[in-house]
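Novice: Sharing a structure with you now.
The values are calculated or read from the model by the stated rules, or taken from the named source; none is laboratory data. Everything numeric in this text was worked out from a predicted model, so none of it was measured. We place every Cβ from the backbone using ideal geometry, glycine too, and count neighbours over all the protein chains shown.
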Amino acid sequence: MNAHVNLGALRRTCSAGKTSVDPTLSTPQKSPVEEGVITAEFAVALPAVTVVLALCLGAASTGVAQLKVEESARTAARAAARGDSEAQIRSAVSRIDPAQSVQISVSPDAVASDGAVAADAGHAREVHVRVSRPAPGVIGSATGWVLRADAHARVEGGGENDAENGAGHENE
């Protein structure tokens, strides 16, 4: 966009010798073609800025969702290590984010008959939890991206093997 103004034409001398500005010449006149160019540039730039803004907000939303998935995995692993039932673990995860799914696996011999994690199970007593959920918003629906987090915890409790081996509680 070029605007050329003849500065000499803006000033004219009055009959009394004073200089004044001609109001009709103070604003550069734009041709209809120039105004159309500005409209076209704006029409192209506005959707581009909107797309970039939407992607930035989507990335931030995905980051927050990933943090929730990681928090849910840690919470579920701690609950399973304490001996909570699978229903209690799933309830704790759904309080953080209802869209998450939970997979809980424990070492063999570490599951009681009621589904709770047994504290006095065999020698390898570890809980593995995987929490996943689809990425939120446009990013998740367009890409099919699934957010995942894993957590491991050693089963807590005062089992006989812990007392015999001198093992104490471990925190993750």
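Novice: Sort out which residues of the range 71-87 are of a type in the set (A, V, I, L, M), over 9 Å from Ala151 (Cα atoms) and surrounded by 17 or more Cβ atoms within 10 Å (Cβ to Cβ), and write them in order of number.
Specialist: Those that are of a type in the set (A, V, I, L, M), over 9 Å from Ala151 (Cα atoms) and surrounded by 17 or more Cβ atoms within 10 Å (Cβ to Cβ): Ala79, Ala80, Ala81.
Novice: Restricting to the range 35-70, give me the number of residues that are surrounded by 13 or more Cβ atoms within 10 Å (Cβ to Cβ) and not hydrophobic (A, V, I, L, M, F, W, C).
Specialist: Here the count works out to 6.
Novice: Just checking, how many residues over the range 38-77 are farther than 30 Å from Glu156 by Cα and either among the basic types (Lys, Arg) or not in a helix (DSSP H, G or I) (or both)?
Specialist: Summing the residues that are farther than 30 Å from Glu156 by Cα and either among the basic types (Lys, Arg) or not in a helix (DSSP H, G or I) (or both) in the range 38-77 gives 0.
Novice: Of the residues that sit in the range 90-107 and are assigned to a helix (DSSP H, G or I) and without any contact (Cβ under 8 Å) to a residue 24 or more places away in the chain, which one is surrounded by the fewest Cβ atoms within 10 Å (Cβ to Cβ)?
Specialist: Arg95
Novice: Within the range 130-142, track down each residue that is at pLDDT 90 or above and not charged (D, E, K, R).
Specialist: Selection gives Val131, Ser132, Pro134, Ala135, Pro136.
Novice: Now for a separate question. Only one of these is farther than 20 Å from Leu147 by Cα, modelled with pLDDT under 80 and of a type in the set (Val, Ile, Thr): Val44, Val106, Val49, Val5. Name it.
Specialist: Val5
Novice: Output the number of the condition that Ala121 fails; it satisfies all remaining conditions of (1) assigned to a loop (DSSP other than H, G, I, E, B); (2) modelled with pLDDT under 90; (3) surrounded by fewer than 17 Cβ atoms within 10 Å (Cβ to Cβ).
Specialist: (3)
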